[in-house]
Amino acid sequence: MLVYGPSGAGKKTRVMSVLKKLYGPGAEKIKINARVFQVSSSKKVEFTLVSSIYHIEITPSDMGNNDRVVIQDLLKEIAQTQQVDVGAKQRFKTVVINEADMLTRDAQSALRRTMEKYSPNLRLILLANSTSNIIGPIKSRTLLVRVAAPSIADISQILEKVAKKEHISMPRDQEERDLIYQRIAVASDRNLRKALLIFEAMYSQKYVST
């Protein structure tokens, strides 16, 4: 799958929901590991990855021009390793690749070859802000899922739910509350992550009720 859309639209949230549906709550029990890769005869670099026993989340673009090494070596290793949980709902592993549109052409070519060779054991979910920098062979081999930025009304509704769940003191009048939520949504430029951070900052500074 190739999931694309603007920052803060909910791509990662949707992907994590898919993983939880595929594997169960174990997909949310994650840990952070560091791996060392040999990028040349004299140079090694450290790379951080997030994983559960069912999936691995990586951001190869953090490696710059060395992203091809991560794609080739790490994905090959994952694909050749058997699923840890013998009772898992799915027999394949899933790799989530963040910022797929920032990968170099060499890394994307290596990714295409990996997709063809290890498809029985491996499922890939690519996350990107745009598909314009992703090569055609990858786009043709994936299901494209566009995630649009949430509307002002969507963000307002979510902020209302958060306020109730967190027991935040808000104006009693619905119109006043809606006005606050709408102003936050506009200030965030329809980026839900940013809207939640603004709301949290307002709450911590005691500005929400005004």
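The values are calculated or read from the model by the stated rules, or taken from the named source; none is laboratory data. These numbers were taken from a predicted model, which means no experiment stands behind them. What goes into the accessible areas is simple: the full protein's heavy atoms, side chains included, and nothing from ligands, DNA or RNA. Shrake-Rupley method; radii C 1.70, N 1.55, O 1.52, S 1.80 Å.
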**Asked** What list of ³J(HN,Hα) values in whole Hz, one per residue of region 34-42 in order, does the Karplus curve 6.51 cos²θ - 1.76 cosθ + 1.60 (θ = phi - 60°) give from phi, with Gly and Pro shown as x?
**Response** 10, 10, 10, 10, 8, 9, 7, 4, 10
**Request:** Taking H placed 1.01 Å from N in the peptide plane, check which residues at least 5 places from Leu144 or on another chain put their amide H under 5 Å from its amide H.
**Result:** Leu2
**Prompt:** What residues have an amide H closer than 5 Å to that of Arg35, excluding those fewer than 5 places away on the same chain, when H is modeled at 1.01 Å from N in the peptide plane?
**Reply:** Phe47, Thr48, Leu49
**Message:** Quick check on region 59-152: take the gyration tensor over C-alpha atoms, sort the square-rooted eigenvalues as a ≥ b ≥ c, and tell me if it's rounded (a/c under 1.5), prolate or oblate.
**Reply:** oblate
**Request:** Report the Stokes-Einstein translational diffusion coefficient (µm² s⁻¹, integer) for region 98-193, Rh taken as the Kirkwood radius over Cα pairs, at 20 °C with viscosity 1.002 mPa s.
**Result:** 130
**Asked** Per-residue accessible area for Glu166 at 1.4 Å probe radius, Å² rounded to 10?
**Response** 110
**Request:** With runs of 4+ DSSP H residues as the only contributors, calculate the mean residue ellipticity of the chain at 222 nm using -39,500 (n - 2.57) per run, divided by the residue total and rounded to the nearest 500.
**Result:** -11500 deg cm²/dmol
**Message:** Among DSSP bridges having both ends in the chain, what percentage is antiparallel? Round to the nearest 5.
**Reply:** 40
**Asked** If you roll a 1.4 Å probe over the heavy atoms of the protein chains, what accessible area per residue do you get for the chain, in Å²?
**Response** 58
**Message:** If I build a Gaussian network model for the chain, linking alpha-carbon pairs within less than 10 angstrom, which residue out of Val147, Val36, Val69 has the largest mean-square fluctuation?
**Reply:** Val36
**Message:** Largest first, please: the extent of the C-alpha atoms of the chain along each principal axis, to the nearest Å.
**Reply:** 63, 39, 35
**Message:** How big is region 19-62 along each principal axis, measuring the range of its Cα positions in Å and listing the largest first?
**Reply:** 43, 16, 13
